[in-house]
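Structure first, then comments.
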Amino acid sequence: MHTAATGGRMAWTGNGGAQPMDVDPFEILAPLAAAATVRIHEAPAGYDGGGPVSQPWGSGFFVAPNWVLTCAHVALRGGRAEGGWREVGLSFQGVDGPVTGRVEWAQPEEGAGGSWPAPDLALIRLVEPVSHPCVWLTERTAKVFTRSEVAFFGWLETPDGTENVSGRCTIRGELGTDGLLKLGNEDEFPEGVSGGPVVDLRRGEVIGVLKARRSAGRDGGLATSVVQLRRLPAPVVDDLYQRVLHAHDRHHAERHRDVAHFAERTWTDAQSDLRATADRALTPGQRVELLGLLAELPSPLSTRRLDEMVTELAGRPYHGTLPAPRGWRDGLGRLYGAGEGTNELWTVLRYAVHAATAERPRPADRPRAAVADAESRLLAWVDGTAAGAELPRWFRTALRLEQEARLREREARAKGPGPDTLADVWSFDPGPPDGHPGMEQGPFVLLEITPHGWERGRYDWRVCNTAGDGEFVSIDEGRRETGPGDLPPRLGAALREAFRRGDEPDRPVPLQIALPYSLLRFSAEDWALTPGGPSLGEQRPVVFRCTDPIPEDQDSEEVRALRLARWAKLHVGRMVPDILDCADGRSRPLPEADVLVGRDPATVPVLCHTPATGGEPTALLRVMTSGYNVILWRREITEREPGCGDFHRGVDRTVTGAGHAGRLPGAVWRLRALPGAGAPGASWSRGLALLYSDPHRPLPGADDPLETL
């Protein structure tokens, strides 16, 4: 066990910089980490901080001015609700008496049976601003970050009162795929340190939040990677993740520039002493300046655009299972290691140019002049850094030409038209008439659900993104879930991450749900990612594919050719809706197999009736095996209109109005969103489902290895 250190021996070099002389990195970093660590307990009776301080529930630490990061199980232990807000008390160095904080976000919102699953994080905002130091959060994306020693900090209840406490251990690996770090047993983890920071002693940055001691009979402890903060909700406005991390980077940049208080050591000073970036292109001072400038820019347009930008510069897309980068600082962290020395500096400077000249079609939360000023200051930093590093003039010229070209392109795109209607927001590219339509479709998210045939009521799931090369990239998977019924929390988290990686502003990435035939009756499009929020089908296009049996596997050569011809026809021209099982409002048998096969290639089959209303139980399967991959059908719903006229007319308008099959998923999405918004005349579309299965793009097999790293 180690108490917080106060400093170490330093030797001053001729250039005015402090260098360590046999100083333990712990001695350099401990005062900074301890000063930013807080004690979390019951909220004080009033905002004046009066009254006794209760026994601490755990620890936390300042990550930005007036923002504390801790564990959800600490923040939600017993804080009372005031006007819908959960409040806690915070005590820390430099403040007389406790202050009040509000829990602005916690995930999960409650534990089950004493267990708090990942990420087990919470953000607390001070009700009244108070001056205090902040830790330095890593901008890197990594699984375990370091093999070297790490330090942890927190508060401990002792017979003589409350004391700050610290310790050292190593990271032994990870637990699961939720960003949990396994800590070694080199030191004990006393009660009360949960929620405290875990510091990488080699790089001088916080990489985790101490979560728990291991259960009885097991060594070490657990910490949650700070990368899990990227799981914060990402609304279009007031993105809490961006707000807190921008404030973090501005705080450290301002402290670095503050020469009036040179005696107060900063994290940048400590990183310089540690030579934390000795193998990197940027010095600690250059890095903090760059991050501060990036924090003044509006956030990236989307995670997908950010990934495309970094992939272009670094030559490798992000395929990790950890939450993908979503802010400018995260993208910068991905560039470390893009090359050694000068090569990495070239990449970083180009990234800064791309960030300064990125598209910004959304209204900024500050005047355009302020954004333009931030862009100009960042570009000036690029010019100054390139010149100071004595990079070749040809490279500096190339930087300037790239900057000018990107600004011209941005201006031209800003003048271009956007989508006219919701139906145009998402559609497949039909391709040339003589090509293979559907093969070049845009990205989508795939959810596979596989029931256990030998274990009723249990199923496995897997969520994948489609990469730019058409490959499937695994996000997460789960085993032996109960259901299907309610959306499991882990599956919900995987879907949120997959959507964030693929969504564009006003262009949500579509979801394909692959199910066996026995589960096609299950309305997975009605799942909601947040309680009381819109359903998946209201948020984005949702289509279905059948996995068992797979009709294509049973095709004759003739039917296979017909299936491909139909798919091509539907994607380049007219579509003809054909209600197969209903006439004059009454159910009727499906046509015979040879009649189904012989229908017009432009036919979109429609099934109006369910088994409860006279429909055939295997009607959908019979249609699929007749060479159709685009089918509309109605689910069984509790409140169904007595007549079918509105449904028939609505389907006819929807299919013919879409123009080609690539726009049909977007058209069905629009219909699902209308009842959710309370639109009149849309009740006929309730329970409408769309089978949309590209015969050119088979699903990955259950045992196929997918790209995850």
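The values are calculated or read from the model by the stated rules, or taken from the named source; none is laboratory data. Bear in mind the structure is a predicted one, so any value in this text is a computation, not a measurement. Note that we place each Cβ from the backbone using ideal geometry, even for glycine, and neighbour counts take in every protein chain shown. For the accessible areas, the whole protein counts, side chains as well, though only heavy atoms, and no ligand, DNA or RNA atoms are used. Shrake-Rupley method; radii C 1.70, N 1.55, O 1.52, S 1.80 Å.
Regarding segment 177-194, can at least one residue be identified that is modelled with pLDDT under 95, in a strand (DSSP E or B), open to solvent by 70 Å² or more (accessible area, probe 1.4 Å) and among the acidic types (Asp, Glu)?
Checked segment 177-194: no residue is modelled with pLDDT under 95, in a strand (DSSP E or B), open to solvent by 70 Å² or more (accessible area, probe 1.4 Å) and among the acidic types (Asp, Glu).
Which of the residues belonging to segment 479-505 are over 17 Å from residue 449 (Cβ atoms), assigned to a loop (DSSP other than H, G, I, E, B) and either among the small types (Gly, Ala, Ser) or under 13 Å from the mean Cα position of the chain (by Cα) (or both)?
Across segment 479-505, the qualifying residue is only 503.
Of the residues 109, 104, which single one is acidic (Asp, Glu) and loosely packed, with under 14 Cβ neighbours inside 10 Å?
Unique residue meeting the criteria: 109.
Is it true that residue 599 is charged (D, E, K, R), open to solvent by 50 Å² or more (accessible area, probe 1.4 Å) and in a helix (DSSP H, G or I)?
Working: charged (D, E, K, R): yes; open to solvent by 50 Å² or more (accessible area, probe 1.4 Å): yes; in a helix (DSSP H, G or I): no.
Against the criterion (charged (D, E, K, R), open to solvent by 50 Å² or more (accessible area, probe 1.4 Å) and in a helix (DSSP H, G or I)), residue 599 does not qualify.
Please go through segment 31-87 and pick out each residue that is assigned to a loop (DSSP other than H, G, I, E, B), of a type outside the set (S, T, N, Q), surrounded by fewer than 22 Cβ atoms within 10 Å (Cβ to Cβ) and at pLDDT 70 or above. Give the steps one after another, and end with the answer.
To start, the set of residues in segment 31-87 that are assigned to a loop (DSSP other than H, G, I, E, B) comprises 42-57, 65-66, 71, 76-80, 83-84.
Applying the additional criterion that residues be of a type outside the set (S, T, N, Q) yields 42-53, 56-57, 65, 71, 76-80, 83-84.
Checking the rest, the ones that are also surrounded by fewer than 22 Cβ atoms within 10 Å (Cβ to Cβ) come to 42, 45-53, 65, 76-78, 80, 83-84.
Correct list: 42, 45, 65, 76, 77, 78.
Please work out which one of (1) open to solvent by 10 Å² or more (accessible area, probe 1.4 Å); (2) touching an Asp or Glu at 6+ places or on another chain (Cβ under 9 Å); (3) among the acidic types (Asp, Glu); (4) within 28 Å of residue 99 (Cα to Cα) is the condition residue 149 fails and give its number.
Every condition holds for residue 149 apart from (4).
Modelled with pLDDT of 90 or more and not β-branched (Val, Ile, Thr), is that true of residue 650? Show your work before the answer.
On the way: modelled with pLDDT of 90 or more: yes; not β-branched (Val, Ile, Thr): yes.
Taking the combined requirement at face value, the residue satisfies it.
Looking for whichever is free of Cβ contacts under 8 Å to residues at least 12 places away in the same chain and over 29 Å from residue 463 (Cα atoms) here; the options are 261, 246, 252. Which one fits? First the steps, then the outcome.
Working: 246 fails: free of Cβ contacts under 8 Å to residues at least 12 places away in the same chain; 252 fails: free of Cβ contacts under 8 Å to residues at least 12 places away in the same chain.
Sole residue among the options that is free of Cβ contacts under 8 Å to residues at least 12 places away in the same chain and over 29 Å from residue 463 (Cα atoms): 261.
Please work out if residue 538 is assigned to a helix (DSSP H, G or I), surrounded by fewer than 16 Cβ atoms within 10 Å (Cβ to Cβ) and either in contact with a helix residue (DSSP H, G or I) (Cβ under 9 Å, 6 or more places away or on another chain) or at pLDDT 90 or above (or both).
Numbers: assigned to a helix (DSSP H, G or I): yes; surrounded by fewer than 16 Cβ atoms within 10 Å (Cβ to Cβ): no; either in contact with a helix residue (DSSP H, G or I) (Cβ under 9 Å, 6 or more places away or on another chain) or at pLDDT 90 or above (or both): yes.
No: the conditions fail for residue 538.
Residue 169 versus (1) out of contact with any Lys or Arg (no Cβ under 8 Å at 6 or more places or on another chain); (2) open to solvent by less than 30 Å² (accessible area, probe 1.4 Å); (3) more than 16 Å from residue 122 (Cα to Cα); (4) part of a loop (DSSP other than H, G, I, E, B): which is the lone unmet condition?
(4)
What's the total number of residues in segment 602-622 that are touching a strand residue (DSSP E or B) at 6+ places or on another chain (Cβ under 6 Å) and open to solvent by 30 Å² or more (accessible area, probe 1.4 Å)?
Total satisfying the criteria: 1.
Please tell me if residue 135 is assigned to a strand (DSSP E or B) and within 26 Å of residue 289 (Cα to Cα). Walk me through how you get there before you give the answer.
Details: assigned to a strand (DSSP E or B): no; within 26 Å of residue 289 (Cα to Cα): yes.
No.
In the list 292, 315, which residue meets the criterion of being more than 25 Å from residue 135 (Cβ to Cβ) and among the small types (Gly, Ala, Ser)?
Values: 292 fails: more than 25 Å from residue 135 (Cβ to Cβ).
Of 292, 315, the one residue that is more than 25 Å from residue 135 (Cβ to Cβ) and among the small types (Gly, Ala, Ser) is 315.
Out of the residues in segment 229-256 that are at pLDDT 95 or above and among the acidic types (Asp, Glu), which is nearest to residue 135 (Cα to Cα)?
Out of the qualifying residues, it is 249.
I'm trying to understand the selection: among the residues of segment 460-478, which are more than 18 Å from the chain's Cα centre (by Cα) and within 13 Å of residue 514 (Cα to Cα)?
Selection gives 460, 461.
Taking only segment 259-284 into account, find how many residues are over 17 Å from residue 29 (Cα atoms) and open to solvent by less than 60 Å² (accessible area, probe 1.4 Å).
Looking only at that region, the number is 3.
Identify, from the list 635, 566, 588, the residue that is closer than 23 Å to residue 523 by Cα and not hydroxyl-bearing (Ser, Thr, Tyr). Walk me through how you get there before you give the answer.
On the way: 566 fails: closer than 23 Å to residue 523 by Cα; 588 fails: closer than 23 Å to residue 523 by Cα.
Only one candidate qualifies: 635.
Take the residues in segment 343-353 that are among the hydrophobic types (A, V, I, L, M, F, W, C) and in contact with a helix residue (DSSP H, G or I) (Cβ under 6 Å, 6 or more places away or on another chain), then tell me which one is surrounded by the fewest Cβ atoms within 10 Å (Cβ to Cβ). Quick ask: steps written out before the conclusion?
If we filter segment 343-353 for residues that are among the hydrophobic types (A, V, I, L, M, F, W, C), which is where we start, we get 345-346, 348-349, 352-353.
After this cut, where a residue has to be in contact with a helix residue (DSSP H, G or I) (Cβ under 6 Å, 6 or more places away or on another chain) as well, the list is 348-349, 352-353.
Values: 348: 23, 349: 23, 352: 23, 353: 20.
Across segment 343-353, the extreme among qualifying residues is 353.
In segment 112-127, how many are in contact with a strand residue (DSSP E or B) (Cβ under 6 Å, 6 or more places away or on another chain) and open to solvent by 20 Å² or more (accessible area, probe 1.4 Å)?
The qualifying residues number 3.
Quick check on this structure: which one of 590, 562 is open to solvent by less than 60 Å² (accessible area, probe 1.4 Å), in a helix (DSSP H, G or I) and among the aliphatic types (A, V, I, L, M)?
Values: 590 fails: in a helix (DSSP H, G or I).
Testing whether each residue is open to solvent by less than 60 Å² (accessible area, probe 1.4 Å), in a helix (DSSP H, G or I) and among the aliphatic types (A, V, I, L, M) leaves just 562.
Can you tell me which of 226, 209, 144, 130 is surrounded by fewer than 18 Cβ atoms within 10 Å (Cβ to Cβ) and either in contact with a Gly (Cβ under 8 Å, 6 or more places away or on another chain) or modelled with pLDDT of 95 or more (or both)? Walk me through it before giving the result.
On the way: 226 fails: surrounded by fewer than 18 Cβ atoms within 10 Å (Cβ to Cβ); 209 fails: surrounded by fewer than 18 Cβ atoms within 10 Å (Cβ to Cβ); 130 fails: either in contact with a Gly (Cβ under 8 Å, 6 or more places away or on another chain) or modelled with pLDDT of 95 or more (or both).
Result of the check over 226, 209, 144, 130: 144.
Condition test on residue 296, is it modelled with pLDDT of 90 or more, under 27 Å from residue 32 (Cα atoms), open to solvent by 30 Å² or more (accessible area, probe 1.4 Å) and not in a helix (DSSP H, G or I)? Before the answer, list the steps.
Working: modelled with pLDDT of 90 or more: yes; under 27 Å from residue 32 (Cα atoms): yes; open to solvent by 30 Å² or more (accessible area, probe 1.4 Å): yes; not in a helix (DSSP H, G or I): yes.
Here the answer is yes, as residue 296 does meet what is asked.
Can you name the number of the only condition in (1) part of a helix (DSSP H, G or I); (2) open to solvent by less than 30 Å² (accessible area, probe 1.4 Å) that residue 243 fails?
So the condition that residue 243 fails would be (2).
Do we find a residue being surrounded by 12 or more Cβ atoms within 10 Å (Cβ to Cβ) and over 22 Å from residue 242 (Cα atoms) anywhere in segment 354-366?
no
Scan segment 548-595 for residues that are of a type in the set (A, V, I, L, M) and farther than 10 Å from residue 627 by Cα and jot them down.
Step one: list which residues in segment 548-595 are of a type in the set (A, V, I, L, M), which gives 550, 559, 561-562, 564-565, 568, 570, 572, 575-576, 579-580, 583, 590, 593, 595.
Once the filter is applied, which keeps residues that are of a type in the set (A, V, I, L, M) and farther than 10 Å from residue 627 by Cα, segment 548-595 yields 550, 568, 570, 572, 575, 576, 579, 580, 583, 590, 593, 595.
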